[in-house]
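A.B. asks: First the structure, then my questions, so here it is.
The values are calculated or read from the model by the stated rules, or taken from the named source; none is laboratory data. Note that the structure is a prediction, hence the values are computed from the model and not measured. Here the Cβ positions follow ideal geometry from the backbone for every residue, glycine too, while neighbour counts run over all protein chains shown. Just so you know, the surface numbers come from the protein's heavy atoms only, side chains and all, with ligands and any DNA or RNA stripped out. Shrake-Rupley method; radii C 1.70, N 1.55, O 1.52, S 1.80 Å.
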Amino acid sequence: MSSTLVLGPESRLVLVDASSFVFRAYHQSLNQDPKYNVRPSDGLPTGAVRLFFAKLFQFVRDGAAGVVPTHLGIVFDKGSRESHRRQLFPEYKANRSETPADLRPQMPLVRAAVRAFGLPVIELDRTEADDLIATYARNAEAKGAEVVIVSADKDLQQLVSPRVRFYDAESGSKGKPGYRPERNLDVDAVVAKWEGLQPDRIGDALALIGDASDNIPGVPGIGLKTAAQLLLAYGSLEALLDGAATIKQPKRRENILANAEGARLSRRLVELDCAVDLPVDPDALALPAPDGRRLVAYLKALELPALAKRVAKELSVDADGVAPDADLAAASAPVPAGDGPALPPFPATEPDAYGIVETRGQLDDWVAAARAAGRFGFHLHRGDGGALGLSLAVEPGRAVYVPVEHRAAGDGLFGGLAAGQIDAAEAWGALAALMEDPEVRKVGHDLKGASKAAGRLGFAIAAADDVGLMSYALESGLTGHELPQLATRHLGGAAPDPEVLRGHGRGRIPAESVAPRAAAPVVGQLADAALRLWAVLKPRLDGTPAQRVYEELELPMVPVLARMEATGVRIDRAALGHLSRDFGSTLARLETEIHGLAGGPFQIGSPKQIGDVLFERLGLPGGRRTPGGQWATGANVLEDLAAAGHDLPARLLDWRRTAKLKSTYADALLAAADPGTDRVHTTFSLAATTTGRLSSSDPNLQNIPVRTEEGRRIRAAFVAAEGHRILSADYSQVELRLLAHLADVPRMREAFAEGVDIHAATASDMFGVPVDAVPGEMRRRAKTINFGIVYGISAFGLSDRLGIGRQEAAEFIARYFERFPGIRDYVEGTKAFCHEHGYVRTLFGRVCHYPGIASGNASERMGVERQAVNAPIQGTAADIIRRAMIRMEGALLKAGLSARMLLQVHDELVFEVPAAGAEATMRVVSDVMAGAAAPDVDLAVPLVVEAKVADDWERAH
DNA sequence: TTCCATGCTTA
DNA sequence: GTAAGCATGGAAC
């Protein structure tokens, strides 16, 4: 026996982080046949201990990382919950879940296994295994021994030195998800893995990166690469935090400054304590020769015959002559216990809160209950192919799901319906009668989406409220208005996203294949959330100006937009296909040229690589940096370089323009168009902007190119159906007109009343030149400043736009304000109003909240002030075109016209009109748009509408 | 797989 | 200087 062997220069100490090993063994055991994971005689769980034993046996025999140990330390964790780190930071490892119930009874068995090998169990109250390992490692290192640390915990890589290596054993099985090959890290390997950081800087890196599993805060958004980059630049965490103000990337700088305390705390949490009391003398870790009989007795007690046989054979023991260890044989499985904390009132926790309807009788009962209540929350659950069912909430915490069109699991094309659903015609019939009943109020979210799905089923949704739009009318600018956000904000609980039902990754399934019983609690909660939100928001809305906005500018838009989306706009598939191929060959040609000019291939789509090529490899002058510290390669920069005679930047601009047109427009529109009708159906959002503008997505049809010749070829592919034409009508200078009204500028009002060129008139007033003698450059400057005012102007922005000095720009603005004092009053008055109230209003009473107006950060506060100055202008324009859209269908109907509204692009409406009625439609559309502010708002300037008819959108625009 | 920065399209 | 959405590359998770 060598148990007296003193730890010294000839020794090889292997330190095993037992707890991490046991956890890994446990999870590995879960992937195996459950019958191998329990003791047959009484069901005592043994899966983790079996794998742990096998691994320990391997360490004793073969060592780790090629090191056969003379000393072996098996170190356990006994202090995560009360360690000194907990005192520093109560949340430390607070998110660790409880030890699994079937692992807990195995822990004593694991310790027994260690003792069966003749080794001490190393553990110490209130001390984490990491600190014990660190102390043993430093101790042995000091004595000249070779050390291998076996752990899955990367924190321990801090200890790596010329004498200390880190070994992370293979986990999982080859070819299966989560498999990791073994890793054997010496100093060089650690430095490579940590992106150039020496082991003694790993603690700094860990403090920045944080660790979700240990609840170490770190700095959000910083990962290994960024941390290493920063630490190599600054030398250490302390130096980095002291010099954080000099970090170039603004986001990163603010982020680190804001989280500096968290990083300091994290640094202390990840610091290893190399001087804890050692519960076992290091010399006592000397590895004894294994006692085969004792090991076999252990394995027999756990009823692991295969392992017992193997150990007996390798250690030349007669297994038959060994009796099971009596104490262990008597150990039995304890009964686990424990229950979670009380849940919040939403979502409801009663087991029958979110039920399911399976019979006609039940359905009739619920419909009757909804009618009796006079209002109910609902969620029309939809899959790719349309409505799947409807959930109803008749009172908070009580909802039910009526599944109708779910498919049976595993059935594809020809699959039948899922079991337990009422006949579709019957179910939809009863539900449609309820949804169309004007006497019962329906409360939902995304009413537009629900209305479209209902429309496909042949019914409308009458007397409905949309809690998302209610929230938008009340709190635009304060929060998002999606159901989960509203639930968190107002109900104190999280509403589910129905997408969770489909799972993710490879197991993702269509919504219609989800079992009705699985869907019921989720969609039931959505109906419940809608009803509860209504109960919160309705009292806040009633009797306020926001109520009128909701009722007159939000809700009436729902059916209008639903019809526009359902109608879609026709594209010329052949033309777009031709364009795509054209763009493709242009790109291929440009790519060759660019690579040639650059002296080698690179990702042309990568701004980072472009910067490297232009400013590093080719050394072009005049490079600027982006806010993120990279080389800026935006169009401005490339244009300057191209103007200086460089070919490569010019080709890059061509490439970017062409790539944009191909991928964002030609290809995306072809992919989006309905293959049967060649029509593209966008989705308009009513509640996506702070100002009241709409937004368009999937695809966005509000940013179709128009400025360049090539781009207009895309727009020309938006065509009318046979026998029809495209009508485009847009407001002329609407925002400047509104500025003239809001700021009450007599000269501007007159110019608009007389129909003279507003920018020339501005220039004339500013520089005392007759309107018809204003030079082009002067007019351009006036135009820029006019737009600048609408956008909340700053001398900085104006100087950038005009290419003049900051000082000159400031003088320019001063002169403008001198000539148009009303505008200065408007700008200053609007800022003051926003500072006082935290919001601004449009002329129609829409509120736009700007909580950031009170920011202590001057540049941020000025940014919010610009938003506040712009919002009444942009928002009033948005309100006006909404009014036009709401009135449009009635006006066309009244005139006996059958034009269909297709798109809204902020100041423009696009229609598809029967060729014969184009002229008459143009008059009606123009009249409705021009008169849209009246009667609520009496504008001091006329609204002018320009309309045109053609065969495609490009020529109509 | 998800998120961020960059760049580009529109009003 | 305002308001949006989307493609791409690259890093984080």
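A.B. asks: Tell me, which residue of segment A:592-639 that is under 22 Å from A:Pro250 (Cα atoms) and surrounded by fewer than 12 Cβ atoms within 10 Å (Cβ to Cβ) is farthest from DNA strand C (Cβ to nearest atom)?
C.D. replies: Result: A:Gly622.
A.B. asks: Now for a different question. Limited to segment A:81-105, what total is found for residues that are surrounded by 12 or more Cβ atoms within 10 Å (Cβ to Cβ), out of contact with any Leu (no Cβ under 9 Å at 6 or more places or on another chain) and not in a loop (DSSP other than H, G, I, E, B)?
C.D. replies: 3
A.B. asks: Starting from residues that are within 12 Å of DNA strand C (Cβ to nearest atom) and of a type in the set (Gly, Ala, Ser), keep the ones in segment A:742-801 and report whichever is surrounded by the fewest Cβ atoms within 10 Å (Cβ to Cβ).
C.D. replies: Across segment A:742-801, the extreme among qualifying residues is A:Gly797.
A.B. asks: Check A:Ser663, A:Ser696, A:Ser685 and return the single one that is within 30 Å of A:Tyr550 (Cβ to Cβ), open to solvent by 30 Å² or more (accessible area, probe 1.4 Å) and modelled with pLDDT of 95 or more. Walk me through it before giving the result.
C.D. replies: Values: A:Ser663 fails: within 30 Å of A:Tyr550 (Cβ to Cβ); A:Ser696 fails: open to solvent by 30 Å² or more (accessible area, probe 1.4 Å).
Going through A:Ser663, A:Ser696, A:Ser685 in turn, just one is within 30 Å of A:Tyr550 (Cβ to Cβ), open to solvent by 30 Å² or more (accessible area, probe 1.4 Å) and modelled with pLDDT of 95 or more: A:Ser685.
A.B. asks: Please indicate, with yes or no, whether at least one residue in segment A:763-776 is outside the structural domain of A:Ser663 (by TED's automatic domain parsing) and within 13 Å of DNA strand B (Cβ to nearest atom). Break it down into steps so the answer makes sense when it comes.
C.D. replies: The first filter runs over segment A:763-776 and keeps only residues outside the structural domain of A:Ser663 (by TED's automatic domain parsing), leaving A:763-776.
Keeping just the survivors that are within 13 Å of DNA strand B (Cβ to nearest atom) gives none.
The answer is no; no qualifying residue exists.
A.B. asks: Quick one: what pairs do we get from segment A:762-790, first residue under 18 Å from A:Pro746 (Cα atoms), second among the polar types (S, T, N, Q) and open to solvent by 30 Å² or more (accessible area, probe 1.4 Å), C-beta under 8 Å, 6+ apart or different chains?
C.D. replies: The qualifying pairs are A:Val790/A:Gln874.
A.B. asks: Can you confirm whether segment A:210-219 contains a residue that is aliphatic (A, V, I, L, M), within 31 Å of the chain's Cα centre (by Cα) and farther than 23 Å from A:Gly628 by Cβ? Lay out the reasoning, then the answer.
C.D. replies: Filtering segment A:210-219 for residues aliphatic (A, V, I, L, M) gives A:212, A:216, A:219.
The next check asks that each one be within 31 Å of the chain's Cα centre (by Cα); those that pass are A:212, A:216, A:219.
So of that shortlist, the ones also farther than 23 Å from A:Gly628 by Cβ come out as A:212, A:216.
Taking every residue of segment A:210-219 in turn, at least one turns out to be aliphatic (A, V, I, L, M), within 31 Å of the chain's Cα centre (by Cα) and farther than 23 Å from A:Gly628 by Cβ.
A.B. asks: Among the residues in segment A:640-650, are any on the phi < 0 side of the Ramachandran plot, touching a Leu at 6+ places or on another chain (Cβ under 7 Å) and surrounded by fewer than 15 Cβ atoms within 10 Å (Cβ to Cβ)?
C.D. replies: Checking segment A:640-650: at least one residue is on the phi < 0 side of the Ramachandran plot, touching a Leu at 6+ places or on another chain (Cβ under 7 Å) and surrounded by fewer than 15 Cβ atoms within 10 Å (Cβ to Cβ).
A.B. asks: Still on this structure, please answer the following. Restricting to segment A:183-227, name every residue that is in a loop (DSSP other than H, G, I, E, B), surrounded by 12 or more Cβ atoms within 10 Å (Cβ to Cβ) and in contact (Cβ under 8 Å) with a residue 40 or more places away in the chain.
C.D. replies: Once the filter is applied, which keeps residues that are in a loop (DSSP other than H, G, I, E, B), surrounded by 12 or more Cβ atoms within 10 Å (Cβ to Cβ) and in contact (Cβ under 8 Å) with a residue 40 or more places away in the chain, segment A:183-227 yields A:Gly210, A:Asp214, A:Asn215, A:Pro217, A:Gly218, A:Val219.
A.B. asks: Looking only at residues that are in contact with a strand residue (DSSP E or B) (Cβ under 9 Å, 6 or more places away or on another chain), open to solvent by 30 Å² or more (accessible area, probe 1.4 Å) and outside any strand (DSSP E or B) in segment A:707-727, which one is nearest to DNA strand C (Cβ to nearest atom)? Spell out the reasoning first.
C.D. replies: So in segment A:707-727, the residues in contact with a strand residue (DSSP E or B) (Cβ under 9 Å, 6 or more places away or on another chain) come out as A:715-721, A:723-727.
Restricting the remaining residues to those that are open to solvent by 30 Å² or more (accessible area, probe 1.4 Å) gives A:716, A:723-725.
Going one step further and asking which of them are outside any strand (DSSP E or B), we end up with A:716, A:723.
Working: A:Ala716: 20, A:Gly723: 31 Å.
Once the filter is applied, the top-ranked residue is A:Ala716.
A.B. asks: Identify all residues within segment A:666-682 that are open to solvent by 30 Å² or more (accessible area, probe 1.4 Å), more than 16 Å from DNA strand B (Cβ to nearest atom) and not hydrophobic (A, V, I, L, M, F, W, C); write none if there are none.
C.D. replies: If the condition is that a residue be open to solvent by 30 Å² or more (accessible area, probe 1.4 Å), more than 16 Å from DNA strand B (Cβ to nearest atom) and not hydrophobic (A, V, I, L, M, F, W, C), then A:Asp674, A:Pro675, A:Gly676, A:Thr677, A:Asp678, A:His681 are the ones that fit.
A.B. asks: Of everything in segment A:5-46, what is open to solvent by less than 70 Å² (accessible area, probe 1.4 Å) and within 19 Å of A:Arg115 (Cα to Cα)? Give them in sequence order.
C.D. replies: Those that are open to solvent by less than 70 Å² (accessible area, probe 1.4 Å) and within 19 Å of A:Arg115 (Cα to Cα): A:Leu13, A:Val14, A:Leu15, A:Val16, A:Asp17, A:Ala18, A:Ser19, A:Ser20, A:Phe21, A:Val22, A:Ala25, A:Thr46.
A.B. asks: What number of residues within segment A:106-128 satisfy the criterion of being free of Cβ contacts under 8 Å to residues at least 60 places away in the same chain, in contact with a helix residue (DSSP H, G or I) (Cβ under 9 Å, 6 or more places away or on another chain) and not in a helix (DSSP H, G or I)?
C.D. replies: Adding up the residues that qualify gives 3.
A.B. asks: Could you please let me know if A:Arg707 is without any contact (Cβ under 8 Å) to a residue 24 or more places away in the chain, outside the structural domain of A:Gln603 (by TED's automatic domain parsing) and within 15 Å of DNA strand B (Cβ to nearest atom)?
C.D. replies: Numbers: without any contact (Cβ under 8 Å) to a residue 24 or more places away in the chain: yes; outside the structural domain of A:Gln603 (by TED's automatic domain parsing): yes; within 15 Å of DNA strand B (Cβ to nearest atom): yes.
Here the answer is yes, as A:Arg707 does meet what is asked.
A.B. asks: Kindly provide the set of residues from segment A:791-805 that are within 14 Å of DNA strand B (Cβ to nearest atom) and in contact (Cβ under 8 Å) with a residue 24 or more places away in the chain, ordered by number.
C.D. replies: Across segment A:791-805, the qualifying residues are A:Tyr791, A:Gly792.
A.B. asks: Next question. Determine if segment A:846-855 includes at least one residue that is modelled with pLDDT under 95, away from DNA strand B (no atom under 16 Å from the Cβ) and open to solvent by 70 Å² or more (accessible area, probe 1.4 Å).
C.D. replies: Yes, the conditions are met somewhere in segment A:846-855.
A.B. asks: Kindly indicate the residue of segment A:484-535 that is of a type in the set (A, V, I, L, M), open to solvent by 40 Å² or more (accessible area, probe 1.4 Å) and outside any helix (DSSP H, G or I) and also nearest to A:Pro345 (Cα to Cα) among those meeting that condition. Before you say what the answer is, go through the steps one by one.
C.D. replies: Let us first name the residues in segment A:484-535 that are of a type in the set (A, V, I, L, M), namely A:486-487, A:491, A:494-495, A:500-501, A:509, A:511, A:514-515, A:518-520, A:522-523, A:526-527, A:529-531, A:533, A:535.
Now narrow it down to the ones that are open to solvent by 40 Å² or more (accessible area, probe 1.4 Å): A:494, A:500, A:509, A:515, A:518, A:535.
Filter once more, keeping what is outside any helix (DSSP H, G or I): A:494, A:509, A:515.
On the way: A:Ala494: 11, A:Ile509: 31, A:Ala515: 26 Å.
The qualifying residue nearest to A:Pro345 (Cα to Cα) is A:Ala494.
A.B. asks: Quick check on my filter: what residues within segment A:309-345 are loosely packed, with under 13 Cβ neighbours inside 10 Å, at pLDDT 85 or above and in a loop (DSSP other than H, G, I, E, B)?
C.D. replies: Correct list: A:Ser316, A:Asp318, A:Ala323.
A.B. asks: Out of the residues in segment A:234-271 meeting the condition of being over 22 Å from A:Gln157 (Cα atoms) and β-branched (Val, Ile, Thr), tell me which one is surrounded by the most Cβ atoms within 10 Å (Cβ to Cβ).
C.D. replies: A:Ile256
A.B. asks: I've got another one for you. Is there any pair linking a residue in segment A:629-640 that is under 16 Å from A:Ile604 (Cα atoms) to one that is hydrophobic (A, V, I, L, M, F, W, C), with Cβ under 6 Å and at least six apart or on different chains, and which?
C.D. replies: Hits for this filter: A:Trp631/A:Phe615; A:Thr633/A:Ile610; A:Leu638/A:Leu652; A:Leu638/A:Leu653.
A.B. asks: Okay, moving on. State the number of residues belonging to segment A:475-493 that are more than 16 Å from DNA strand C (Cβ to nearest atom) and touching a residue at least 24 places away in the same chain (Cβ under 8 Å).
C.D. replies: Kept after step one, since they are more than 16 Å from DNA strand C (Cβ to nearest atom), are these residues of segment A:475-493: A:483-484, A:486-493.
Checking which are touching a residue at least 24 places away in the same chain (Cβ under 8 Å) leaves us with A:483, A:486-487, A:490-493.
So the count comes out to 7.
A.B. asks: Ok, one more. So how many residues does segment A:47-80 have that are under 23 Å from A:Leu299 (Cα atoms), open to solvent by 60 Å² or more (accessible area, probe 1.4 Å) and touching a residue at least 24 places away in the same chain (Cβ under 8 Å)?
C.D. replies: Residues meeting the conditions: 1.
A.B. asks: Can you tell me which condition A:Ala306 does not meet? The list is (1) part of a helix (DSSP H, G or I); (2) within 16 Å of DNA strand C (Cβ to nearest atom), and all the others hold.
C.D. replies: Failed condition: (2).
A.B. asks: Within segment A:695-706, is there a residue that is in a helix (DSSP H, G or I), in contact with a strand residue (DSSP E or B) (Cβ under 9 Å, 6 or more places away or on another chain) and on the phi < 0 side of the Ramachandran plot?
C.D. replies: Pass one, segment A:695-706, residues in a helix (DSSP H, G or I): none.
Among the residues of segment A:695-706, not one is in a helix (DSSP H, G or I), in contact with a strand residue (DSSP E or B) (Cβ under 9 Å, 6 or more places away or on another chain) and on the phi < 0 side of the Ramachandran plot, which makes the answer no.
A.B. asks: Restricting attention to strands (runs of 3 or more DSSP E) lying wholly within segment A:347-407, give those where 2 or more residues are open to solvent by 10 Å² or more (accessible area, probe 1.4 Å) and either under 22 Å from A:Ala464 (Cβ atoms) or outside the structural domain of A:Leu417 (by TED's automatic domain parsing) (or both). Quick ask: steps written out before the conclusion?
C.D. replies: Numbers: elements: A:354-356, A:375-383, A:386-395, A:398-403.
Qualifying strands (runs of 3 or more DSSP E): A:375-383, A:386-395.
A.B. asks: Being more than 16 Å from DNA strand B (Cβ to nearest atom), more than 30 Å from A:Thr479 (Cβ to Cβ) and either in contact (Cβ under 8 Å) with a residue 24 or more places away in the chain or crowded, with 17+ Cβ neighbours inside 10 Å (or both): is that true of A:Ile813 here? Even if it seems obvious, please write down each step before you answer.
C.D. replies: Numbers: more than 16 Å from DNA strand B (Cβ to nearest atom): yes; more than 30 Å from A:Thr479 (Cβ to Cβ): yes; either in contact (Cβ under 8 Å) with a residue 24 or more places away in the chain or crowded, with 17+ Cβ neighbours inside 10 Å (or both): yes.
The answer is yes for A:Ile813.
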